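Here the structure comes first, spelled out in structure tokens, and everything after it is commentary.
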Amino acid sequence: MHAAYITETGPPDIIQWGPLPDPVPGPDEVLIATRAVSVNPIDTYIRGGAVAMELPTPFIPGCDAAGVVETVGSDVHRIKPGDRVWTTNQGLLGRQGTFAEKISVNQAWVFPMADGVSFEDAAACGLVSVTAHLGLFREAQLEPGESVLVIGGAGGVGSMVVQMAVAAGASVIATGGTEAKRNQILAMGADAAIDYTTQSIREATRQLHADGVNVVWETRREPDFQLAVDVLAGRGRMILMAGRDATPPFPVGPFYVNECSVHGFVMFKATPMEMRQAADDLQRWMADGKVKANIGVRRPLREAAQAHAIQEASTLSQQDPTWSGKIVLTVS
């Protein structure tokens, strides 16, 4: 098989494309012929060495993939050859990643694809959909009729948060830096889209929800706790899933007096059962048309290095990128 791989951490151009031995599935593993994979910021952090993890050599990056099962190990019973499946949580904690023509994955991280869902869409929704589900339902415990403010509603995670919150019966407002992104946010079912380049997020949110919102989802590298305090309703919840190096000031008094809470989490620490619950909801919502993949860039898998460069530039840029959503790479 061919794969994108590295032998040491470094910049995007350190990624090589070439032949590697086919993986051999163990008793509880599934061998998948990949059809599509997607790029996540965490992939670039691991490849670049910003997030230190034990890596096999050579190391194949990538968390997400979708494809067709070729063979299964002796202890695998709920999955069979020929099944269309998707996976996430790979390329982490010593596991090989997904940027290869064939991957061997523990059955705990392999989920069935709903009829009508494409490989590209399933791969694009992997990590970001599980992240959104964990934050909204495990952490924020979102209820129908509640309200959510999503900072960055057109991004990979943000677009999943918007759609899942809407599917769960919440009222949603989100921010977008361009007209195209705001239109995209509205098309996903949000009640309003705030232009943060010309509007005050605080004032716009309070105009729409005078008593505050129940949940603030922060996607920026520099969380704004003062904004959260200003727009959260009593017992509101703030969700954090970014900003590894951020050390912003925190308004302790008004935060605890208003009985607010802040929830930080990373999806790769979720249990297989928690991921399966997210996967089941995602596939049902995708089959019903309530959640759709947000794909901003498409490339062939052999262009993994270029895709990492695009993702890295977007993640590290202080300006709103011209594209939104996910980068998806396909296997021809």
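The values are calculated or read from the model by the stated rules, or taken from the named source; none is laboratory data. Just so we're clear, the structure is a prediction, and the values are computed from it rather than from any experiment. Positions of Cβ are generated from backbone atoms using ideal geometry, with glycine treated the same way; all protein chains shown enter the neighbour counts. Heads up: the accessible areas ignore ligands, DNA and RNA and are worked out on the full protein's heavy atoms, side chains in. Shrake-Rupley method; radii C 1.70, N 1.55, O 1.52, S 1.80 Å.
Annotations for the structure displayed:
- Solvent-accessible heavy-atom area per residue, rounded to whole Å², over the chain at 1.4 Å: 42 Å²
- Measuring only protein heavy atoms, the 1.4 Å probe finds residue 303 accessible over about 50 Å².
- Residue of 18, 91, 234 that the Gaussian network model of the chain assigns the largest fluctuation, springs spanning Cα pairs under 10 Å: 18
- Accessible surface of the chain, 1.4 Å probe, proportion on carbon and sulfur as whole %: 51 percent
- Calculated mean residue ellipticity, 222 nm, the chain: -8500 deg cm²/dmol, from DSSP H runs (n ≥ 4) at -39500 (n - 2.57) each, averaged per residue and rounded to 500.
- Taking each residue as 0.36 nm, the span from residue 53 to residue 273 lengthens on full extension beyond its C-alpha to C-alpha distance by 76.8 nm.
- Here region 202-273 carries DSSP beta bridges of which approximately 0% are antiparallel, counting only pairs with both residues inside.
- Antiparallel content of DSSP bridges confined to region 70-223, in %, to 5: 20 percent
- For the chain, the fraction of C-alpha pairs farther apart than 32 angstrom is 28 percent.
- As a rough guide to protection, the peptides 143-156, 178-191 ranked by mean Cβ packing within 10 Å, highest first, stand as 143-156, 178-191.
- Rounded if a/c under 1.5, otherwise prolate or oblate - region 168-226, Cα gyration tensor axes: rounded
- Non-local Lys pairs in the chain, i.e. 8 or more apart or on different chains, that have alpha carbons under 21 Å apart: 6
- Residue among 292, 102, 269 with the largest mean-square fluctuation in a Gaussian network model of the chain, springs linking Cα atoms under 10 Å: 269
- Bridge orientation summary for the chain: considering DSSP beta bridges with both residues in this region, about 55 percent are antiparallel.
- Global geometry of region 1-143, whether rounded, prolate or oblate, following the gyration tensor of its Cα atoms and the 1.5 cut on a/c: oblate
- With an a/c value under 1.5 for the gyration tensor axes a ≥ b ≥ c computed over the alpha-carbon atoms, region 118-256 is described as rounded.
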